[in-house]
Amino acid sequence: MKYPWIILGISSLVLAVMVGAWSASGHSDADADRLLLLLPEDVSLSDYKVTVWLDAASEEGLHVVPMRDSEFVRPFFGHPKCAGVILPDTVHQHASDLFIASVRRFVSAGGKLLLVYDAGALSPEGKYARGWSRLSDLAGVDYALYDQLHDDTIRWGNVTGKFSLLRHMEIPPGKYYPFQSEADDSNSGGSAGVAPESDFDVQLRRYKFGDLQYPSFVTSGKNAGHELLHSSSGVVANEHTYGNGSVLFVNLPLGYLKANTDGLLLHAFLRYFAEHSLALPLLMAVPDGVGGLVLNWHVDSNAAIKPLQAMSSWSLMHQGPYSIHITAGPDAMRIGDGEGFNVEHNAVSQRLVRRLSALGDSIGSHGGWIHDYFAAHVDKDDPDDLEKFLTWNKDALERVTGKPDVEYSAPDGNQPKWVTAWLASHGFLAYYFTGNSGMAPTQGYRDGVREGPDIWAFPIVHLNQAAAFEEMAREGYSSLEIEHWLQAVTTFAVDHHSVRLVYFHPPGIMEYRDVVDQWMERTGQLRSEGRFRWYTMTQLANFLNSRKQVVWSTSQDGEQVTIKATHPRSLEHDTWRLPVASFSEPVVVQGSAQVVRNDDAWMVIAREGKELQFETTKVNK
């Protein structure tokens, strides 16, 4: 036989292709739920532009796995097995034509793609494509129009969408405005003048600091997809069917925003992609899958003493536990003014603190010793001169309560990075935060750096641009709209099985007893039904740190799906959510768990034990 080595080489290649194909589509698929985060070859996995996505996935209870472009493009072995693919912003601006063609083939063959902002917008040489982005056909709309617009290719603008969409995303009412609550549905008028059960435009807002605008590429031409969000520049988010697959295009720099204290939209769209586009199982971020609220009280000075005494008869005091943060020193605005809460030397203050602590509330620090002085100096003076105020505050509260002080809130929301570092090094677990507003508890990034491995930021929720009751009063919100907002935030937490933080100052709440009573009536009813809980920051931070130690995987054999989980101590309270429309009722085959149906999802709630395995079947309804 002439040239036998050629035949042998071809045979070996064919065998390799067959083995590769078998490996990629084998009988047991251990990567059934993984999302591939596609990355260029030269990007470090420790780069913050990568870790923001991995951390967000962990917090949302999803499996996101980094993959190099070269592995995804392999011509002989087909695309790796996965549930979907993420092409992230900022870190993946440059892409070759070969890579773009591979992504296009993946989607056309039935794949699901989350395409973000400037991903693939530039050639390997750093140039925009002529006319429009090479990925415009996937996005469903033309964008990256550099030839036409040059420096105006990207514009800033307000982001707007429909209430019917935003209410189902991980974005709480008030972060978008106007909103509609259950109370609006049952009354003749709607929130902010909106008729009940109607759809209407809402706009994303932020706390305090003026108009909220985002950068996005200007888009043009007919939109071939379904628009989710828009701005004056055009389409901001789009769903588009392409071939046998689909694309969720988000025309916002999600990773960049999360790295700079605005992570809500990355989390919201990642969750939307996982649930709406892919119907993936996920590990929930609340104990037993029960959503709720953190009610964070800020006690600034002795002006809170009489309100706290008056509140002892309120219905508020029959629920909880709450996170109550106190500026503990003898002064409030200036050194020597004697207007502080003075927790160590004022017997009335001590009795109030000990009573609240005995009720199970978590007592934490509200800044450092002198409320206004600390807020005014914390980002200007030498930290070495200010650390003593944090230490005095922590020590004083611990002496009065006899319990560790592990929670913090910054006076006036002013928390430079050095304070967070100090908190993390002194055993604090959680802090109130005005950045990342609208989010669930998160391990925050600032300027591309994550702030501590075990400390959690608890971002505030807000009604348009106001968060505390006195702010809402100054902005002219009626008691009825404040009540409706509180009801809507509560409903959001219950329906989304999530947690958000509401905060107030005791003096600022005094004019709203009727509003609070109505709110407590609703939360009390939901608590009695087992659908709502009050949480302290400490409770949730401990749970979330334990949850990070859960190791779990999803495998699929035909239509049968198996989920396995382990924890070094106990899985108790960890909960998995599986959509009813995609999975049959799970059956526990190892370990102990309760399986319940909650509206449109199965909930598998782990009991005591280090291991758990349950099985379900993929269904099509």
Listed by range, helices (runs of 4 or more DSSP H) wholly within the range 347-423 having at least 1 residues that are acidic (Asp, Glu) are 371-377, 383-401
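Sort out which residues of the range 400-449 are aliphatic (A, V, I, L, M), modelled with pLDDT of 95 or more and surrounded by fewer than 16 Cβ atoms within 10 Å (Cβ to Cβ), and write them in order of number.
Our first condition is that a residue be aliphatic (A, V, I, L, M); within the range 400-449, this holds for 400, 406, 410, 419, 421, 423-424, 429-430, 439-440, 449.
Still in the list and also modelled with pLDDT of 95 or more: 400, 406, 410, 419, 421, 423-424, 429-430, 439-440.
The answer is Ala421, and nothing else.
Residue-by-condition table, conditions (1) surrounded by fewer than 19 Cβ atoms within 10 Å (Cβ to Cβ); (2) over 27 Å from Leu526 (Cα atoms); (3) at pLDDT 95 or above; (4) acidic (Asp, Glu):
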{"position": "Glu275", "(1), (2), (3), (4)": "no, no, yes, yes"}
{"position": "Pro287", "(1), (2), (3), (4)": "no, no, yes, no"}
{"position": "Leu293", "(1), (2), (3), (4)": "no, no, yes, no"}
{"position": "His298", "(1), (2), (3), (4)": "no, no, yes, no"}
{"position": "Leu316", "(1), (2), (3), (4)": "no, no, yes, no"}
{"position": "Ala328", "(1), (2), (3), (4)": "no, yes, yes, no"}
{"position": "Arg334", "(1), (2), (3), (4)": "yes, yes, yes, no"}
Checked His371, His377, His366 against criteria (over 24 Å from Leu501 (Cα atoms) and either in contact with a strand residue (DSSP E or B) (Cβ under 9 Å, 6 or more places away or on another chain) or surrounded by 14 or more Cβ atoms within 10 Å (Cβ to Cβ) (or both)); the one match is His377
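Residue-wise test of (1) closer than 25 Å to Phe433 by Cα; (2) polar (S, T, N, Q); (3) in contact with a Pro (Cβ under 6 Å, 6 or more places away or on another chain).
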| residue | (1), (2), (3) |
| --- | --- |
| Ile509 | yes, no, no |
| Gly558 | no, no, no |
| Thr562 | no, yes, no |
| Gly591 | no, no, no |
| Asp599 | no, no, no |
| Leu612 | no, no, no |
Screening Arg513, Arg522 for residues that are more than 27 Å from the chain's Cα centre (by Cα), modelled with pLDDT of 95 or more and either surrounded by fewer than 20 Cβ atoms within 10 Å (Cβ to Cβ) or farther than 16 Å from Trp314 by Cβ (or both) leaves only Arg513
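What tally of residues in the range 450-459 results from selecting those that are in contact with a strand residue (DSSP E or B) (Cβ under 8 Å, 6 or more places away or on another chain) and at pLDDT below 95? Lay out the reasoning, then the answer.
Looking only at the range 450-459, we keep the residues that are in contact with a strand residue (DSSP E or B) (Cβ under 8 Å, 6 or more places away or on another chain), and these are 451, 455-459.
Within this subset, residues satisfying the condition of being at pLDDT below 95 are 451.
Here the count works out to 1.
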Given the conditions (1) in contact (Cβ under 8 Å) with a residue 40 or more places away in the chain; (2) crowded, with 20+ Cβ neighbours inside 10 Å, every one holds for Gly120 apart from (1)
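Please specify each residue of the range 234-276 satisfying the condition of being in a loop (DSSP other than H, G, I, E, B) and either among the small types (Gly, Ala, Ser) or without any contact (Cβ under 8 Å) to a residue 24 or more places away in the chain (or both). Talk me through it step by step, then tell me what you get.
Taking the range 234-276 first, the residues in a loop (DSSP other than H, G, I, E, B) are 243-244, 251-253, 260-263.
Passing the criteria: Gly243, Gly263.
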The lone condition Leu486 fails out of (1) without any contact (Cβ under 8 Å) to a residue 40 or more places away in the chain; (2) out of contact with any Gly (no Cβ under 9 Å at 6 or more places or on another chain); (3) over 30 Å from Leu429 (Cα atoms) is (3)
Subset of the range 408-438, residues over 24 Å from Ile370 (Cβ atoms) and touching a Gly at 6+ places or on another chain (Cβ under 6 Å), comes to Asn436
Log entry, pairs with first residue in the range 347-371 being under 12 Å from Glu407 (Cβ atoms) and free of Cβ contacts under 8 Å to residues at least 40 places away in the same chain, second being crowded, with 23+ Cβ neighbours inside 10 Å and of a type outside the set (Ser, Thr, Tyr), beta carbons closer than 6 Å, six or more apart or on different chains, reads none
When the range 360-370 is checked residue by residue, the ones that are hydrophobic (A, V, I, L, M, F, W, C) and within 30 Å of the chain's Cα centre (by Cα) are Ile363
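Please list, ordered by residue number, the helices (runs of 4 or more DSSP H) wholly in the range 1-73 having 1 or more residues that are at pLDDT 95 or above.
Working: elements: 4-24, 48-60, 69-73.
Where helices (runs of 4 or more DSSP H) fall fully within the range 1-73 and carry at least 1 residues being at pLDDT 95 or above, they are 48-60, 69-73.
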Every listed condition ((1) assigned to a strand (DSSP E or B); (2) within 16 Å of the chain's Cα centre (by Cα)) holds for Tyr503 save (2)
Taking the range 110-161 and keeping only residues that are part of a loop (DSSP other than H, G, I, E, B) and of a type in the set (Ser, Thr, Tyr), one is left with Tyr117, Ser123, Ser133, Tyr143, Thr153
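The values are calculated or read from the model by the stated rules, or taken from the named source; none is laboratory data. What you see is a predicted model, and the numbers here were worked out from it, not measured in a lab. Cβ atoms come from the backbone with ideal geometry, glycine included; neighbour counts cover every protein chain shown.
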